[in-house]
1. Do you know which of the residues in region 176-235 that are buried (at least 21 other Cβ atoms within 10 Å of the Cβ) and of a type in the set (D, E, K, R) is farthest from Arg104 (Cα to Cα)?
2. Determine which single condition Pro66 fails, assuming it passes every other condition in (1) at negative phi; (2) open to solvent by 20 Å² or more (accessible area, probe 1.4 Å); (3) of a type outside the set (Asp, Glu).
3. Given the criterion in contact with a Leu (Cβ under 9 Å, 6 or more places away or on another chain), assigned to a strand (DSSP E or B), open to solvent by less than 80 Å² (accessible area, probe 1.4 Å) and farther than 22 Å from Ala9 by Cβ, identify the matching residue among Val118, Val110.
4. Sort out which residues of region 162-175 are open to solvent by 10 Å² or more (accessible area, probe 1.4 Å) and either among the charged types (D, E, K, R) or within 15 Å of Thr109 (Cβ to Cβ) (or both), and write them in order of number.
5. Looking for whichever is open to solvent by 10 Å² or more (accessible area, probe 1.4 Å), of a type outside the set (Lys, Arg), closer than 21 Å to Thr220 by Cα and over 16 Å from the mean Cα position of the chain (by Cα) here; the options are Thr30, Thr142. Which one fits?
6. Pick from Glu155, Glu149: which is surrounded by 15 or more Cβ atoms within 10 Å (Cβ to Cβ), within 15 Å of the chain's Cα centre (by Cα) and over 22 Å from Phe75 (Cα atoms)?
7. Please go through region 182-235 and pick out each residue that is closer than 12 Å to Arg63 by Cβ, assigned to a helix (DSSP H, G or I) and out of contact with any helix residue (DSSP H, G or I) (no Cβ under 6 Å at 6 or more places or on another chain).
8. From the list Pro84, Pro127, pick out the single residue that is in a loop (DSSP other than H, G, I, E, B), free of Cβ contacts under 8 Å to residues at least 24 places away in the same chain and not acidic (Asp, Glu).
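The values are calculated or read from the model by the stated rules, or taken from the named source; none is laboratory data. Quick caveat: nothing in here was measured; it's all calculated off a predicted structure. Cβ: placed from backbone, ideal geometry, glycine included. Neighbour counts: every protein chain shown. The area values use the complete protein model at the heavy-atom level, side chains included, leaving out ligands, DNA and RNA. Shrake-Rupley method; radii C 1.70, N 1.55, O 1.52, S 1.80 Å.
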Amino acid sequence: MTNRKSATAMTAAEQTRYRNAITTMLATPTNPYGKMVAIHGDMRHNMHGMHIPGMPPDVGTQRFLPWHRDYLLKFERMLQAIDPLCFIPYFDWTAGTAVPTWIRNFKPTVNVPGQGPVIVKRNASIPARKNLINIMSQTTFTPFTDLLESGPHGEVHMELGVVNGRREAMARIAVSPADPIFWLHHAMIDKIWATWQTAHPGKNPTLTGPDAIMDPWPETATSLRSITTLAYAYV
């Protein structure tokens, strides 16, 4: 069982492990980190919602949460192949606005296939803590995921990634995972979903056929429902 901690609750050793594992990937000639970033830039995976108000929810809206859960799991296993004690922490922007100190200056340059070198730049904080009351009060999956994705998910990406009026990595879908804080942000999104799932059992994405497969991986949305079954927890 992997325990994912808040980024502010990690020990110094845990902080170092996360940075060092990514640094090791960046230095590996096969470029595993850059290739992982490039997967997120392939919009054929249909993993983001384009829901237009008044129109039926699109497939991307339904895939957003399970696809990114799978994405985090794949990345976490890459970290653990380097250091078995690694985990993806979460950036709890409901508790504070500042990027955790230990990762604030960790801004690598990432060679992303199809994009070239990406020099990570970001702001040191978001303007205000996020309030989840309305999102967590939703009783069915579609409005819950829609509000979460278009609300704090997208807001934090932009608030961290638009620097001096310019869109840097976190504000660009094609390369956002180049910024190591991407994983912390999405762990928080996944944690929120896991908490909501506990309160609303049986409320799941509406996906069938190929749409239910989280390509480029074989896992299905159904197989990704339970974090307990997936052997991790948020602490």
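1. It comes out as Asp190.
2. (2)
3. Val110
4. Arg166, Arg167, Glu168, Arg172
5. Details: Thr30 fails: closer than 21 Å to Thr220 by Cα.
The conditions single out Thr142.
6. Glu155
7. The answer is Pro210, Ala212.
8. The conditions single out Pro84.
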